[in-house]
Amino acid sequence: MHDIVHIAFGLFLAGFLGNPWLLFPVVFISHFVLDVIPHYKPSKRMRFFEVIIDIVLSSIFLFFYLVFGSNQPSPLIISGVIFFAVLPDIFILIDWLWKIKIFKPFMLDFHKHIQHEYHWGWIIEIVILFSLIPFLFF
């Protein structure tokens, strides 16, 4: 349930920063800021399933946001927010699956170093997500 929080926070930021030249870099940087906060750590054998579950839950969240969300930016802005909100994790996924280092190695190391993952971290992620819902849907 990790990337859904990044996407929700990015959409929250879009409500304040309408200019994509400012919004997209801020959303990208917010990914690293959010990764400092403790979040869920699946077991190694569950990592792949966690990615699939995250994609499914993020898709469901986005569907509800597109149908019921308030104060929505343009579809292009929403697409950009999604892209930049999860981009650091996409680079880690590519490195993990295919050992291709698109993101500079020092940034991959930095990203892994700042993450604080715990088995109980899902509680914090749910609190953050539910804290953002009033801003996105009401």
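The values are calculated or read from the model by the stated rules, or taken from the named source; none is laboratory data. Bear in mind that the values here come from a model prediction, so they are computed numbers and not experimental data. Positions of Cβ are backbone-derived with ideal geometry, glycine not excepted, and every protein chain shown enters the neighbour counts.
Filtering Leu87, Leu97, Leu129 for residues that are out of contact with any Pro (no Cβ under 8 Å at 6 or more places or on another chain), in contact (Cβ under 8 Å) with a residue 60 or more places away in the chain and either closer than 22 Å to Leu11 by Cα or loosely packed, with under 13 Cβ neighbours inside 10 Å (or both) leaves a single hit, Leu129. Residues in region 17-54 that are of a type in the set (Lys, Arg) and within 15 Å of the chain's Cα centre (by Cα): Lys41 alone.
Scanning region 17-46 for residues that are over 14 Å from Ala85 (Cα atoms), in contact (Cβ under 8 Å) with a residue 12 or more places away in the chain and part of a helix (DSSP H, G or I) yields one hit, Val36. Listed conditions (1) modelled with pLDDT of 90 or more; (2) surrounded by fewer than 17 Cβ atoms within 10 Å (Cβ to Cβ) are all met by Phe61, apart from (2). Looking across region 1-16, the residues that are in a helix (DSSP H, G or I) and over 9 Å from the mean Cα position of the chain (by Cα) come down to Leu11, Phe12, Leu13, Ala14. The set of residues from region 21-48 being at pLDDT below 90 and over 15 Å from Trp122 (Cβ atoms) comprises Lys44, Arg45, Phe48. The one condition from (1) in contact with an Asp or Glu (Cβ under 9 Å, 6 or more places away or on another chain); (2) at pLDDT 95 or above; (3) of a type in the set (A, V, I, L, M, F, W, C) that Leu108 does not meet is (2). Specify the residue that is nearest to Phe12 (Cα to Cα); the eligible residues are those in region 53-84 that are free of Cβ contacts under 8 Å to residues at least 12 places away in the same chain and not hydrophobic (A, V, I, L, M, F, W, C). Applying the filter and picking the extreme gives Gln72.
Only one residue in Ile100, Ile52, Ile92 is assigned to a loop (DSSP other than H, G, I, E, B) and either in contact with a Ser or Thr (Cβ under 8 Å, 6 or more places away or on another chain) or more than 22 Å from Ile133 (Cα to Cα) (or both), so which one is that? From the options Ile100, Ile52, Ile92, the qualifying one is Ile100.
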